[in-house]
Amino acid sequence: MSQPAKHFLRHYLEMVAAMFLGMAILGVPVDRALDALGATSDEFMFLGMATTMTLPMVGWMLYRGHGWRANAEMSASMFVPTFAVIGVLAAGLLTDLGVLMIVEHVVMLLAMAGVMLLRPEEYSHHHGHDAATTPASPVTT
């Protein structure tokens with residue numbers, strides 16, 4: 001496997017790991033906060049989950065030197081599937097929360113890979129964490 005391909009795969013796996021850590025660490029506090037606010041609908045559950053996965057992923061990407069554009073695109077890869085699932089649920093097309101959650105996560109993972117494939121130069125080269133101190137600057141390799 002070439003070095004750029006290794007960097008690409010490593011970046012993808014790092015983002016997935018950050019997402020799982022986010023769900024594990026932030027899931028309970030976010031659920032409690034939503035409950036305290038009276039936001040107990042299934043739609044808020046999906047939004048809370050997307051948020052707990054996106055925040056640490058964005059943090060990790062900033063640390064690794066990715067700019068705001070890359071983070072916005074990757075965040076969209078998380079929230080667009082979430083909004084779609086909420087739409088399907090609201091329309092009554094599918095109401096099984098377990099199935100919807102599986103669909104949401106599979107589409108998120110595919111969307112992340114799609115975003116990465118659209119900008120391979122962004123994800124196939126090593127980014128040092130030094131650039132994270134100036135996230136508005138363009139990313140260099």
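Bear in mind that the values in this text are calculations on the coordinates, not laboratory data. All figures in this text were calculated on a predicted structure; none of them were measured in a lab. Note that we place each Cβ from the backbone using ideal geometry, even for glycine, and neighbour counts take in every protein chain shown.
For L118 and A36, compute 0.36 nm times the residue count separating them, minus their Cα-Cα distance, and round to one decimal in nm.
Numbers: separation 82, 0.36 × 82 = 29.52 nm, distance 4.01 nm.
Result for the pair: 25.5 nm of gain on full extension.
Using a cut-off of under 11 Å, list every residue of region 27-69 whose amide N is near the label point 7 Å from the Cα of L93 along the Cα-to-beta-carbon line.
none
Please report M78, M45 as a ranked list, fewest other C-beta atoms within 10 angstrom at the top and most at the bottom. Walk me through the numbers before you get to the answer.
Values: M78 26, M45 17.
Arranged by neighbour count, lowest to highest, M78, M45 become M45, M78.
Taking the Cα centre of the chain as origin and charging only Cβ (+1 Lys, Arg; -1 Asp, Glu), how large is the dipole, in debye to the nearest 20? Intermediate results must be reported in sequence, preceding the final value.
Numbers: 6 positive and 11 negative charges, 86 e Å.
Dipole magnitude for the chain comes out near 420 debye.
Relative contact order, percent, of region 3-124 when contacts are C-alpha pairs under 8 Å separated by at least 6 residues?
Working: 91 pairs, mean separation 39.0, N = 122.
Reported as a whole number, the value is 32 percent.
Pick out, from A33, A72, L118, the residue whose Cα sits farthest towards the positive end of the charge dipole of region 3-124, with +1 on the Cβ of Lys and Arg and -1 on the Cβ of Asp and Glu.
Ranked along the dipole, the leading option is L118.
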